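Chemist: Sharing a structure here in structure tokens format.
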Amino acid sequence: MNITLRVWRQKGTDDEGRLATYKLTDVSPDMSFLEMLDVLNEKLTLEGEDPVAFDHDCREGICGACGVVIDGEAHGPERTTTCQLHMRSFKDGDTITVEPWRAKAFPVIKDLVVDRGAFDRIIQAGGYISAPTGTAPDAHAMPVPKPDADRAFDAATCISCGACVAACPNASSMLFTAAKVTHLGMLPQGQPERASRVVKMINQQDEEDFGGCTNIGECAAVCPKGIPLDTISQLNRDLLGSLSKGVG
Amino acid sequence: MSDNDFFLVGDPIKDEKAPEGPINERWDKRRFSAKLVNPANRRKLSVIIVGTGLAGASAAATLGEAGYNVTSFCYQDSPRRAHSIAAQGGINAAKNYRNDGDSIYRLFYDTVKGGDFRSRESNVYRLAQTSVEIIDQCVAQGVPFAREYGGLLDNRSFGGVQVSRTFYARGQTGQQLLIGAYQALERQVAAGTVKMNTRHEMLELIVVDGKARGIIARDMVTGEIETHFADAVVLASGGYGNVFFLSTNAMGCNVTATWRAHRKGALFANPCYTQIHPTCIPVSGDYQSKLTLMSESLRNDGRIWVPKQHGDTRDPRQIPEDERDYYLERIYPSFGNLVPRDIASRAAKNVCDEGRGVGPGGLGVYLDFADAIQRMGRAAVEAKYGNLFDMYQRITGENPYEVPMRIYPAVHYTMGGLWVDYDLQSTIPGLFVTGEANFSDHGANRLGASALMQGLADGYFVLPNTINDYLAAGPFEKIDESHPEAVAAKEQVTSRIDTLLSIQGSRTVDSFHRELGHIMWEYCGMERNEEGLTKAIERIRELRAEFWRDVKVLGTNDELNQALEKAGRVADFLELGELMCIDALHRRESCGGHFRSESQTEDGEALRHDDEFAYVAAWEFGGEDSKPVLHKEALEYEYVEMKQRSYK
Amino acid sequence: MAVTGAILVLYLIAHMYGNLKIFSGQEAFDGYAHSLRELGYPMLPENGLLWILRVVLLASVLIHIYAAVALWARARRARPAAQRYKVNKRVARSYASYTMRYGGVLIALFVIFHILHLTTNHIAPGGRSDSPYERLVNGFQPEFWYVTLFYVLSVIMVGLHLRHGIWSALATLGANMSRRQGTLNAIALGISLIVTVGFLLPPLAVTFGLVS
């Protein structure tokens, strides 16, 4: 396959950035999208041009490090992570535009690499169950009804890649926050901190300059792990409950 | 074994910390004899932890909670991305919730036997004891393990054991356990007890008066070379499987932290023990950057076969039953497709070497679900393995419900690592090593679902109970950046980076890495022999020389420079690879993941030589371009009788 | 946003119900319009409840607009102009959700026109009248097709606004659970269709001479 790439190049956070065009020949349809970028980088290096910086690590769709916007879609045309997207999803002769996640809360560090530290800070605000090592009762002390366990699990599959923010017209991180609120809120172990957790996490989210949620659903549609949109409703429900109890 | 062309033999080494007495009392004894640190004094003590996988994040969270000042480092943009996240299968624990005869003793026994009698009994017993607490801890943190309709935890049998002791969370147990540890870590970050440094890579260890006192780290965003001090340093930096270039490790996994510590005096134990996982998706082309593992659980229902005829390129569905060779079922009738990983891997290699492999380059065997679909129905297969089938289809573009999957072994885990004593302390006082980065618990082969168990055992329960014994003597003398050792370490790092950037040769870093990987896979992979290993050592030396002459790294140090990061890692792999080959060469026996073709039984099975090789090979760095020095730690088995493994 | 939106939706349904009285003839329609002034009488003074409703509605509209502007401003801040994508693609966005903001502005303008037209009668294309029935019939005569067209477009916009708005309000209020999603979507779609059609019938009936 022959591919024309338009790749976002930006030297640093303060640089304006621009799209640069590169042509690649002999792209195999069995390559992953990131392997295609590897090939581009090998070529650029040998030609003496700075390779394109992009985040990636496990390359098996679970670490959440990779993620670029491909032709306007977060992670590209398939519902998966960028590393699991293969070139067979494109056609010979295609022109592909590659951009970083774009949000104020995710400043570009270089080229396609952005800083997602805001997500860690949202977790720090309350995305945990306080269970110091050694304090735990026997694992079977507290049975969890299977439907609750399954719902918690569905929400817990979030890999915090940030595609939800990238795709949201409001650049909101609601799906990310809601996934954690739902994961912990569905489990009996998560109940003691449930009311305060949601308030603290939402406050932190607002502080990080994410946009507000208008329930458009773009986030869930691009989520490579299929986090359901109803987690957002769960968050809202918990939030209303907390506010009515005067928490926060 | 005596000194030879490749190494010298030094004094034997002994684990001085391991207590004596009945095995089930040893951990209690050690916890009791270890000195404690008064809670008020913990605030005055600091610990550096490198790596935030299961072993690192759990240790940081626990030590932070205990009141120590913890500084944590990871090269990823978030601690939650460490490669523990990719573990699929599960975590073992001797809970005996199934009432199927499991016990701490049986888990201990299985692990010692599975490790082919090359691990320490005391360590393994402690691991089995701790396994029970790990599950409790994780459930309390909100880890959503699979549950049954009654609301209690589900278990499955895994990796060829006959009891169901594996706890799991669909196909992503690693991610769920890591998120639990990560959240506990972030809670401590919020509490101010842990300072987290993301996108930081440790490039050197600072040793002062024989004690580990800090590290040199590079801020991967700004390029700043930073000096950090502490009273103790913990390395939880994972394994070194990426020395093979293609492995199931994440792209960034590297040996730099442990290798730099090794060069500063920490012994490196059993570097040649590598686990090759049998069920990975085969290589599809030269551009391939990594291999993807599919859970071993597939072997519970899938049948492995190759055509009987050499070079049979027919569509597998067209090959009649009597022209197929279900070789595992044929050779190992009692275990069949469920033989341990090393055996399944080597058998796959053998049939491919015979020219009966399938797929591109003949490097693959079929894993066929046709029978399972017929027996259980497609819906049941989909419910059990749907996510794995989807993953396979996504990567290969083939539908495994219709066409048999193709699998091939790939490097997955490294049992070797820095030598540690019972306290997880290396030969450098104050330098502790946890998780895959150390060598301690798996011997020559790791059982399925044991890596997660060891990482969390080390981080949550072992290290926090042993590090006090060392820290009780602190706080140690205050040092600052002007200390000669710190200055020297920093200078070393800077000059190495400058050299890498100034060579401006003609080959990319990846091309060197790929070539090193080929050498390692070919000669130090599933099957090793003297001739191949000798050749490999020679070729690695040449390649290393060429690297330092001809590598091309663009850009500067003062920016995010991924090629520079990689160059430093590959430079260290080029040194480690040689030591791995020397270790493999010196161990003229087959054990666990290490198979020497000169040491096999008449019917081609691994043959151990307990009289000669029942020891841990702990290597001392001999100096630049000098021979490494071998220190042997004798292994004694009081509880499990040493036997040759047999899965026939 | 969700709460004020819900108040406005309830109002629209009542309003539509009243409008449909047009098909019962002038007397019924004018009588209904008049009776609104006496709602709650004699408990409350004449026009009392009507004014209370007007105040509640006005407050709802203002809060709704304030919240909308605040969300819009946050979104602008969250992805500033310099960080816009060069290539955009809608994956899940419906036309309804896409037009929430522009549509909202259009609806606001329409409401002002609508009040000046049919409530205060400051704008009276077909001649003033004290009878609401006549105001309506006068206003939508075929020769004033542009008034009808503007009305029709605006009502369609209201329909789209409700389509996403009702769904979104239910989500914000925590009612969107996956097993209910189908029902909620049907409710949102149903109400918005009924409201759209219900509001379109009277003026179109006038324009096409069915009501005169």
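Readers should treat all values here as calculations from the given coordinates under stated rules, not as data from a laboratory. Computed from a prediction, not measured in an experiment: that's the story for all the values here. Cβ sites come from the backbone with ideal geometry, for glycine too, and all protein chains shown count toward neighbours.
Chemist: Tell me what the protein assembly as shown gives for mean residue ellipticity at 222 nm when only DSSP H runs of n ≥ 4 count, each as -39,500 (n - 2.57), the sum divided by the residue total, rounded to 500 deg cm²/dmol. The partial results should precede the final answer.
Modeler: Numbers: 34 runs with 459 residues, N = 1108.
Estimated from H runs of four or more residues: -13000 deg cm²/dmol.
Chemist: Continuing with the same structure: For region A:3-109, give the magnitude of the charge dipole about the Cα centre (Cβ charges: +1 Lys/Arg, -1 Asp/Glu; no others), in debye to the nearest 20.
Modeler: Values: 12 positive and 20 negative charges, 65 e Å.
Roughly 320 debye for region A:3-109.
Chemist: Trypsin sites (Lys or Arg not before Pro) within region C:103-212: which are DSSP loop residues with at most 15 other Cβ atoms inside 10 Å?
Modeler: Numbers: sites: C:R128, C:R135, C:R163, C:R179, C:R180; in loops: C:R128.
Taking region C:103-212 and a limit of 15 other Cβ atoms within 10 Å, the loop trypsin sites (Lys or Arg not before Pro) found are C:R128.
Chemist: Note the full-extension length gain between B:Q504 and B:Q318 as 0.36 nm times their separation in residues minus their Cα-Cα distance, in nm to one decimal. Could you put the intermediate results ahead of the total?
Modeler: Working: separation 186, 0.36 × 186 = 66.96 nm, distance 5.37 nm.
Full extension of this stretch gives 61.6 nm more.
Chemist: Using alpha-carbon pairs under 8 Å, 6+ residues apart, how would you state the relative contact order of region A:3-109 in percent?
Modeler: On the way: 172 pairs, mean separation 35.5, N = 107.
Here the relative contact order equals 33 percent.
Chemist: Something else: Could you pull out the trypsin sites (Lys or Arg not before Pro) across region B:380-487 that fall in loop regions by DSSP (anything but H, G, I, E, B) with no more than 13 other Cβ atoms inside 10 Å?
Modeler: Working: sites: B:K384, B:R394, B:R406, B:R446, B:K478; in loops: B:R446, B:K478.
Within region B:380-487, the qualifying trypsin sites (Lys or Arg not before Pro) (loop, at most 13 other Cβ atoms within 10 Å) are B:K478.
Chemist: Another question about this same structure. Given an 8 Å cut-off on Cα distances and at least 6 residues of separation, report the relative contact order of chain C as a percent.
Modeler: It comes to 28 percent, rounded to a whole number.
Chemist: In addition: Note the angle between two axes, namely the Cα long axis of helix B:54-66 and the longest principal axis of the Cα atoms of chain B, as a number of degrees from 0 to 90, rounded to the nearest 10.
Modeler: 40 degrees
Chemist: Roughly what angle does helix B:562-586 make with the longest principal axis of chain B, taking Cα atoms, 0 to 90 degrees, to the nearest 10?
Modeler: It is inclined by approximately 70 degrees.
Chemist: Which entries of B:K44/B:K95; B:K535/B:K648; A:K146/B:K195; B:K566/B:K627; A:K11/B:K552; B:K290/B:K490 have Cα-Cα distances beyond 31 Å here?
Modeler: Details: B:K44/B:K95 38 Å; B:K535/B:K648 34 Å; A:K146/B:K195 37 Å; B:K566/B:K627 26 Å; A:K11/B:K552 20 Å; B:K290/B:K490 33 Å.
Check vs 31 Å cut-off fails for B:K44/B:K95; B:K535/B:K648; A:K146/B:K195; B:K290/B:K490.
Chemist: Let me ask you something else. Among all the lysines, which ones have a C-alpha under 18 Å from A:K91's C-alpha, if same-chain residues fewer than 8 places away are not counted?
Modeler: Hits, sequence-local ones excluded: A:K23.
Chemist: Report the charge-dipole magnitude of region B:274-349 in Debye, nearest 20, computed about the Cα centre from +1 at each Lys and Arg Cβ and -1 at each Asp and Glu Cβ. Provide the component values of the computation, followed by the final result.
Modeler: Working: 11 positive and 11 negative charges, 40 e Å.
Its charge dipole is roughly 200 debye.
Chemist: Under a point-charge model restricted to the Cβ atoms of Lys and Arg (+1) and Asp and Glu (-1), what is the dipole moment magnitude of region B:235-378 relative to its Cα centre, in debye to the nearest 20? Please list the in-between numbers first.
Modeler: Working: 17 positive and 15 negative charges, 139 e Å.
The calculated dipole for region B:235-378 is roughly 660 debye.
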